[in-house]
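Below is one structure, written out as structure tokens, with a few remarks after it.
Throughout, read-outs are computed from the coordinates displayed, never taken from laboratory work. Here the structure is a predicted model, which means the values were calculated and not measured. All Cβ positions, glycine included, derive from the backbone under ideal geometry; neighbour counts span all protein chains shown.
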Amino acid sequence: MAITFSQVFKSNVLDSLITILNGEFNKLPIFHDVNFKTRGSFFLRMIPISESLEETTVQDQIRNYTVLLKIYRKTPGAVTKRNNYTQLVNYVDRIKRLISNNSTFKPSDVYKWHEGRISSVNYQPDLEEDEEGYQVTDITFECTVFV
Amino acid sequence: MTTFNKVYNQTVLEDIEFIIDEEFNIPIRYDNNFSGNSFFQIIPQGEDLIERRSNGDIREYSILITYFEKSYGNYTKKDGLDNRVRVVERLKKLIRNNIDGVDDDIFFLTVNGKFFITSEGQALVPAGETDLDWHNARVESIEYSEDADNNRYLTGTVDFRCVVEEVHA
């Protein structure tokens, strides 16, 4: 008989993150490609990065999960502050506040995570050759889950 | 839609652009077009979470500010370096003078009416409408070089950092 287990990374972290982002940004497609694929002019790529054990108790564990959110934007024409930075940094600030407002995520009183946070943002990440037509921003999301 | 503060844009980018513009009569650009004898280029780099608070975050923001200066003739200390160093040193002092940002410090008010600059260890609330700004602004490093894409320009690149405490109203 197979052991009983919970799909914590999927059901607590990734699915919850998708629910929150879809609820806020209804025109932002989310993809999960391991290798980069062209998906239009504006999209988000969600990549699970890691999990680490924070603390172990007799019956439970507290684990920290990390997910990379990569925003891709095509901005044709000349590079300007308004086209290339103002909208993008405002977008990132909106995601930061969205996650901050949901730092403890408990939809319908069902616990998913706590300490949800955007721990870092990189506006100039290293790009693969195929990504160079896009403006790319890496957002690192972390949360803690009581498993 | 979530209500949010446009921190990077309105607090960091606009402030650094403002103080540079007030100090120097040199154009500020965000693109990679090379034109004119000299210009500043501002490129946002990133931000890192320093501390989470019950009603906000403290984050460090980083920006690369590159001073471009056209190079004429043979490179000499007088023609190629002296003015570049002078501009970058002036920028460094300008940021040092504005270590606390363009506006005032943020003060907090406790429920019993006492003022604090920081809210460490206390259950504090913001003192009414506060104008969020940076603190601990600094030039982390400076690099003098020749531009890799257009070697007619010499550069002085400043790694600017500042800390912003964002209070979620």
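Data for the structure
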item	result
Of A:Asn12, A:Asn84, A:Asn64, the one that fluctuates the most in a GNM where chain A has Cα springs shorter than 10 Å	A:Asn84
Candidates A:Arg117, A:Arg97, A:Arg45, ranked by Gaussian network fluctuation over chain A, Cα under 10 Å, top entry	A:Arg97
Computed FRET value (nearest 0.05) for A:Ser120 with A:Thr38, which takes r as the C-beta separation and R₀ as 35 Å	0.85
³J(HN,Hα) computed for each position of the range B:82-96 - Karplus, 6.51 cos²θ - 1.76 cosθ + 1.60, integer Hz, glycine/proline x	4, 5, 4, 5, 4, 5, 5, 5, 5, 5, 4, 5, 4, 5, 4
Most positive-pole-ward Cα, A:Ile71, A:Thr140, A:Phe42, against dipole of the protein assembly as shown from beta carbon charges	A:Phe42
Spin-label model distance (nm) - A:Asn22 vs B:Asp79, 7 Å beyond Cα toward Cβ	6.4 nm
Helix-derived mean residue ellipticity, 222 nm - over the protein assembly as shown, DSSP H n ≥ 4, -39500 (n - 2.57), to 500	-5000 deg cm²/dmol
Across A:Lys70/B:Lys93; A:Lys81/A:Lys106; A:Lys74/A:Lys106; A:Lys10/A:Lys37; A:Lys81/B:Lys93, pairs whose alpha-carbon gap is larger than 30 Å	A:Lys70/B:Lys93; A:Lys81/A:Lys106; A:Lys74/A:Lys106
Chain A: most fluctuating residue of A:Val67, A:Val79, A:Val136 per GNM, C-alpha cutoff 10 Å	A:Val79
FRET E, pair B:Asp100, B:Asn25, Förster distance 35 Å, beta-carbon r, rounded to 0.05	0.90
Note, ³J(HN,Hα) from phi for the range A:63-79, Karplus 6.51, -1.76, 1.60, rounded to Hz, x at Gly and Pro	10, 9, 10, 10, 10, 9, 10, 10, 8, 10, 10, 9, 10, x, x, 5, 6
Label-point separation, A:Gln87 to B:Phe18 (7 Å along Cα→Cβ), nm	2.6 nm
Crossing angle, helix A:15-24 versus chain A [Cα axis fit, 0-90 degrees, rounded to tens]	40 degrees
B:Ser35 versus B:Tyr144: modelled label distance in nm, points set 7 Å from Cα along the beta carbon direction	2.9 nm
